[in-house]
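What follows draws every value from the coordinates through simple rules; no lab data is involved. Predicted, not measured: the structure shown is a model, and the values here were computed from it. Glycine gets a Cβ as well: all are built from the backbone with ideal geometry, and neighbour counts include every protein chain shown.
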Amino acid sequence: ETKLVKIHQIEESLEEIEEAARLIQQGEVVAFPTETVYGLGGNGLMEEAVRKIYQAKGRPSDNPLILHISDIDMIEELTEDVPDTARKAMECFWPGPMTVILKKSDKVPRCVTGGLETVAVRMPSDPTARELIRRAEVPIAAPSANTSGRPSPTKAEHVWEDLNGKIPMILDGGPVKVGVESTIIDFTVDPPVILRPGRITREELENVIGCEVQMNTSLKASDKGVPKAPGMKYKHYAPKARMILVLGSPEKTAAKINEMVCESHKLGHKAGVIATDESLGAYQADEVVSVGTRKNMETVMSGLYDVLRGFDKKDVDIIYSEGFEGEPLEEAVMNRLVKAAGHEIIRV
Ligand code: TXA
Ligand code: MG
């Protein structure tokens, strides 16, 4: 029922992208690639379309959506009071994996922002995404194109697994480049605050805007009040099996994980391990998978969700995962791993 369209070269797929853009104009929702993860897009100015997005994903409607634009000028009609810091960041990092939170204009319907006075906006760099937005001629509201609670889709197959039969069309642009969702930065406060870490790091942002940037990405029981990014309060990125994150030196981590695998086996449980290229040989478990190489954290970012989804198809009861600390981009990866593990962390 869902039409899956392969995009190899933009120039050869303009007809299909036009078809997707028309669906969006008519109030339908379509999945499309971005450089971070696949998005489930609908007309961001049309209430009916926004409702369909929430419905297809099974997402609570108080969790707001990001508006995707193809041209930096579109920011003016969607937002108000854009500070200079935000302008600098947009000029430097757009198009790219950064989402800005700004005060919303009257044009933005409340169903997009979950009732908030602020709106999230992003200009993706993926050429298919930009062509689609340009042709739809509206800002495209798009959450990640997964069923709510599952790992975000980094391949069209992932979207298909979750949404086949629920949406009319998936544009397949191949595997995404980045692999974790955009960095979200709130510019309605001073200093600005990162609400979700991503490929654009705090240091990169600070260098460009020339002021301090804070981090508020945790959701601990001790944090008072509601989380600033409402999405942070929901269970996220969860594999079906229980998952435990183990932090420490490579030797200690491997020893601890092997010990826990033994204990799992005594209980009759099958165990999986999320390792790296460097440590693949160090484990004795039922399934050992590398998420990437520690020599290049970008490989870990882009492999993460595929590995988590892969485990849902493997016959394991428990997953033990290595952690990543002290590397550039570690923040973005750890944020997802900690949530996937439901905050079950062991330090050795
Ligand atoms: O990379 C990405 O950002 C991907 C691609 C498709 O662009 N999109 C994405 O959307 O990750 P989604 O809906 O899965 O995550 C959006 C996050 C949610 O945690 C939501 O709560 C937060 O952004 N958010 C949206 N509007 C907000 C607002 N006005 N204030 C604070 N947080 C907001
Ligand atoms: Mg999401």
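Packing, taken as the mean count of other beta carbons within 10 Å per residue, orders the peptides 308-314, 239-245, 28-34 from highest to lowest as 28-34, 239-245, 308-314.
Our Cα-only numbers for the stretch 11-120 put the radius of gyration and Dmax at 14.4, 41 Å. Using a ≥ b ≥ c from the Cα gyration tensor of the stretch 24-65 (square roots of the eigenvalues), is it rounded, prolate or oblate, where a/c under 1.5 gives rounded and otherwise the larger of a/b and b/c decides, a/b for prolate? Oblate. Between amide H atoms placed 1.01 Å from N, distances below 5 Å from Asn63 occur with no residue 5 or more places distant or on a separate chain.
Name the shape class, rounded, prolate or oblate, that the alpha-carbon gyration tensor gives for the stretch 263-319, where a ≥ b ≥ c are the square roots of its eigenvalues, rounded holds for a/c under 1.5, and otherwise prolate holds if a/b is larger than b/c and oblate otherwise. Oblate. Partners of Lys52 within straight-line reach, counting aspartates and glutamates whose Cα lies under 20 Å from its Cα and excluding those fewer than 8 residues away in the same chain: Glu1, Glu19, Glu28, Asp62, Glu137, Glu161, Asp162.
For the stretch 34-39, backbone phi angles converted through the Karplus equation (6.51, -1.76, 1.60; θ = phi - 60°) give residue-by-residue couplings of 10, 6, 8, 8, 5, x Hz, Gly and Pro being listed as x.
Distance between the C-alpha centres of the stretch 279-324 and the stretch 38-117: 33 Å, rounded to the whole angstrom.
Extension gain for Leu4-Glu259 works out to 87.3 nm (0.36 nm per residue, less the C-alpha to C-alpha distance). Too long at a 32 Å Cα-Cα cut-off: which of Lys240/Lys266; Lys166/Lys313; Lys166/Lys314; Lys3/Lys104; Lys266/Lys339? Where the Cα-Cα span goes over 32 Å, the pairs concerned are Lys3/Lys104.
Computed over the stretch 62-155, the convex hull of the alpha-carbon atoms projects to a mean area of 6.4 nm².
Would you work out if the stretch 277-348 is rounded, prolate or oblate? Take a ≥ b ≥ c from the square roots of the eigenvalues of the alpha-carbon gyration tensor; rounded if a/c is under 1.5, else prolate when a/b is larger than b/c, oblate otherwise. Rounded shape, in that the Cα axes give a/c under 1.5.
Every helix of 4 or more DSSP H residues in the chain counts as -39500 (n - 2.57), and over all residues that averages to -9500 deg cm²/dmol at 222 nm.
Amide H contacts of Thr276 (H built 1.01 Å from N, in plane; Pro and chain starts excluded): Val291 sit under 5 Å, all sequence-distant by 5 or more or on other chains. When the GluC sites (Glu not before Pro) in the stretch 80-136 are filtered for DSSP coil states and for at most 12 other beta-carbon atoms within 10 Å of their beta-carbon, the remaining sites are Glu117. Counting other Cβ atoms within 10 Å as a rough exposure proxy, the listed residues Met260, Met301 run Met260, Met301 from fewest neighbours to most. Overall size of the chain from C-alpha positions, given as principal axis extents largest first: 59, 49, 35 Å. If only the Cβ of Lys and Arg carry +1 and only the Cβ of Asp and Glu carry -1, the dipole of the chain around its Cα centre is close to 1200 debye.
A Förster radius of 22 Å, combined with the Cβ-Cβ distance separating Glu15 from Asp73, puts the computed FRET efficiency at roughly 0.20.
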